[in-house]
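Participant: The following block contains the structure, expressed as structure tokens.
The values are calculated or read from the model by the stated rules, or taken from the named source; none is laboratory data. Owing to the predicted nature of the structure, the values given are computational and were not obtained by experimental measurement. Please note: Cβ atoms are built from the backbone with ideal geometry, for glycine as well, and neighbour counts cover all protein chains shown. These accessible areas exclude ligands, DNA and RNA; they are computed on the full protein's heavy atoms, side chains included. Shrake-Rupley method; radii C 1.70, N 1.55, O 1.52, S 1.80 Å.
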Amino acid sequence: MILVSVGTQLPFDRLIRAVDQWSATNGRDDVVAQIGPTAFRPTAMKSFAHIPHDQFRELQRECDLMICHAGMGSIITAMEFGKPIIIMPRDHRLGEHRNGHQFATLRAFGDRPGIYPAENEKQLTALLMQLGLLTASPSLAASAPASFVDQLACLVHASAKQPAGLRLRHKLFTRRPRHL
């Protein structure tokens, strides 16, 4: 199964249309899409606006490939479950988002194993045509190692024991100037 997700806040019809068209052209009946708040209804793939979190996590666990907007939650979940993921950012210049941060996410994560960047529909379709070659990265642990959590807890507790004035002075005088 291929799972497509656009998140829950904004529609991303360009992504949904591209995958729906690819599904129809290639006779795929195993594509499921979470399409969010939109009037567009796919014809070739099963779709839903929203489902409960637990059910969605189960779809993520069961799928063979995830196709998503460039949202951190989607990327981290794909890494956690060891799923290959195609990410296509919303384009703020097309009114799909407020700013270009999803392109920054694509640049930051697009070269990691198991993550396949697509800046547009053409690149998305090209990746889908190579579906059998897309592999996942090794699974990412769902939680941090205990040793890291212990060190972080010690740091937090030590900071909390300092008087408020001392913490403030420490912050003010240990910051590097912005221009460096």
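Participant: Given H placed on each backbone N at 1.01 Å, which residues far from residue 33 in sequence or on other chains put an amide H within less than 5 Å of it?
Facilitator: Sorted by chain and number, the residues that satisfy this are 4, 46, 47, 48.
Participant: Using the per-residue mean of other Cβ atoms lying within 10 Å as a proxy for protection, in what order, highest first, do the peptides 147-155, 103-111, 68-76 fall? Provide the component values of the computation, followed by the final result.
Facilitator: On the way: 147-155: 10.3, 103-111: 15.6, 68-76: 19.8.
In descending order of packing, they fall as 68-76, 103-111, 147-155.
Participant: Return the sequence-ordered ³J(HN,Hα) values of segment 12-25 in whole Hz as given by the Karplus equation 6.51 cos²θ - 1.76 cosθ + 1.60 applied to θ = phi - 60°, using x for Gly and Pro.
Facilitator: 3J(HN,Hα) across segment 12-25, in whole Hz: 9, 4, 4, 5, 4, 4, 4, 6, 4, 5, 4, 4, 5, 4.
Participant: Taking amide hydrogens as modeled 1.01 Å from N in the peptide plane, which residues meet the under 5 Å criterion relative to residue 65, leaving out close sequence neighbours?
Facilitator: The answer is 3.
Participant: So if we plug the beta-carbon distance of residue 126 and residue 151 into 1/(1 + (r/R0)^6) with R0 = 45 Å, what FRET efficiency do we get, rounded to 0.05? Before the final figure, lay out each step's value.
Facilitator: Numbers: r = 44 Å, r/R0 = 0.98.
Between residue 126 and residue 151 the formula returns 0.55.
Participant: Taking amide hydrogens as modeled 1.01 Å from N in the peptide plane, which residues meet the under 5 Å criterion relative to residue 90, leaving out close sequence neighbours?
Facilitator: Correct list: 70.
Participant: What is the calculated FRET efficiency for residue 98 to residue 51, with r their C-beta to C-beta distance and R₀ = 22 Å, to the nearest 0.05?
Facilitator: Numbers: r = 26 Å, r/R0 = 1.17.
Calculated value: 0.30.
Participant: Here's something else I'd like to know. What shape does segment 1-117 have by the C-alpha gyration tensor, where a ≥ b ≥ c are the square roots of the eigenvalues, rounded means a/c under 1.5, and otherwise prolate means a/b greater than b/c and oblate the rest?
Facilitator: Numbers: a/c = 1.42, a/b = 1.10, b/c = 1.28.
Rounded shape, in that the Cα axes give a/c under 1.5.
Participant: State in Å² the accessible area per residue of segment 1-89; use a 1.4 Å probe, count heavy atoms of protein chains only, and round to the nearest integer. It would help to have the intermediate numbers written out before the result.
Facilitator: Details: 3740 Å² over 89 residues.
Per residue, segment 1-89 has an accessible area of 42 Å².
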